[in-house]
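Read through the structure below, which is laid out as structure tokens, and then see the notes.
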Amino acid sequence: YVLASDQNSKLVTANNSLKENLKIWISNYKMINDTIDILDAKMINLGIEFVAVGAMEKSKFDVLESAKQALITRFRRIPDIGEPFFITDVYKELRNVDGVVDVTDVKISVKASSDGGRNYSATSVDIGKLMSPDGRYIEMPRNVIYEVKYPNFDIKGVIV
């Protein structure tokens, strides 16, 4: 499964030329009886909402901005295709933010093309069915990759 990235480092479907070039390159290293199937991976766009408790002596607005920036930095990395989304990583990142005392809730959602008029992937999945039994991670199918496409809009939080 393959994908490409555009000039803004956002995931896009690989064009046919790229797939053909990849197939030619791989054919130099394959056994005679091996077959090559290069398929498009599917993308899902995730949104993150959180509720955290802020320290009394800190400005809630500053703590919220720091928390959002920490998550934006964390999810700038492009995961591997099929890599699970660890909700525990969101808790961990938020707890490491100066001024966050505790994290009380994290919700993950799939963003759709109708959300805010943005250009999200058309792939849709049921997060509930992909959630681990303990609720700590979301298992991605082997041909799916996740992305927080518009982190400034898709990461929302509240400091109480």
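The values are calculated or read from the model by the stated rules, or taken from the named source; none is laboratory data. Nothing here was measured: the structure is a model prediction, and the numbers come from that model. All Cβ positions, even for glycine, are placed from backbone atoms using ideal geometry, and neighbour counts span all protein chains on display. Just the protein is used for accessible areas: all its heavy atoms, side chains included, with ligands, DNA and RNA removed. Shrake-Rupley method; radii C 1.70, N 1.55, O 1.52, S 1.80 Å.
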(message) Just the residues that are within 23 Å of Arg142 (Cβ to Cβ), open to solvent by less than 50 Å² (accessible area, probe 1.4 Å) and part of a helix (DSSP H, G or I), please, taken from the stretch 45-89.
(response) Ile87, Asp89
(message) Can you confirm whether Met140 is open to solvent by 30 Å² or more (accessible area, probe 1.4 Å), closer than 27 Å to Tyr1 by Cα and of a type in the set (A, V, I, L, M)?
(response) no
(request) Taking the residues in the stretch 1-14 that are part of a loop (DSSP other than H, G, I, E, B) and out of contact with any Ser or Thr (no Cβ under 9 Å at 6 or more places or on another chain) as candidates, determine which candidate is most open to solvent (accessible area, probe 1.4 Å). (result) Gln7
(message) For the stretch 126-149, check the following and say yes or no: at least one residue is β-branched (Val, Ile, Thr) and over 12 Å from the mean Cα position of the chain (by Cα).
(response) yes
(request) Scan the stretch 72-123 residue by residue and report those that are basic (Lys, Arg) and within 14 Å of Asn45 (Cβ to Cβ). (result) Lys111, Arg118
(message) So Ser17 passes all but one of these: (1) surrounded by fewer than 19 Cβ atoms within 10 Å (Cβ to Cβ); (2) assigned to a helix (DSSP H, G or I); (3) within 24 Å of the chain's Cα centre (by Cα). Which condition number does it fail?
(response) (3)
(request) Residue by residue through the stretch 20-44, note down the ones that are more than 25 Å from the chain's Cα centre (by Cα), part of a loop (DSSP other than H, G, I, E, B) and surrounded by 10 or more Cβ atoms within 10 Å (Cβ to Cβ). (result) Lys30, Ile36
(request) Would you mind stating whether Ser124 is in a loop (DSSP other than H, G, I, E, B) and polar (S, T, N, Q)? (result) yes
(request) Pick out the one residue from Lys92, Lys107, Lys60 that is touching a strand residue (DSSP E or B) at 6+ places or on another chain (Cβ under 9 Å) and without any contact (Cβ under 8 Å) to a residue 12 or more places away in the chain. (result) Lys92
(request) Output the number of residues of the stretch 143-160 satisfying the condition of being closer than 24 Å to Asn8 by Cβ and open to solvent by 70 Å² or more (accessible area, probe 1.4 Å). (result) 3
(request) Filter the stretch 106-123 down to the residues that are at pLDDT 80 or above, open to solvent by 80 Å² or more (accessible area, probe 1.4 Å) and not hydrophobic (A, V, I, L, M, F, W, C), then identify the one that is farthest from Tyr91 (Cα to Cα). (result) Asn119
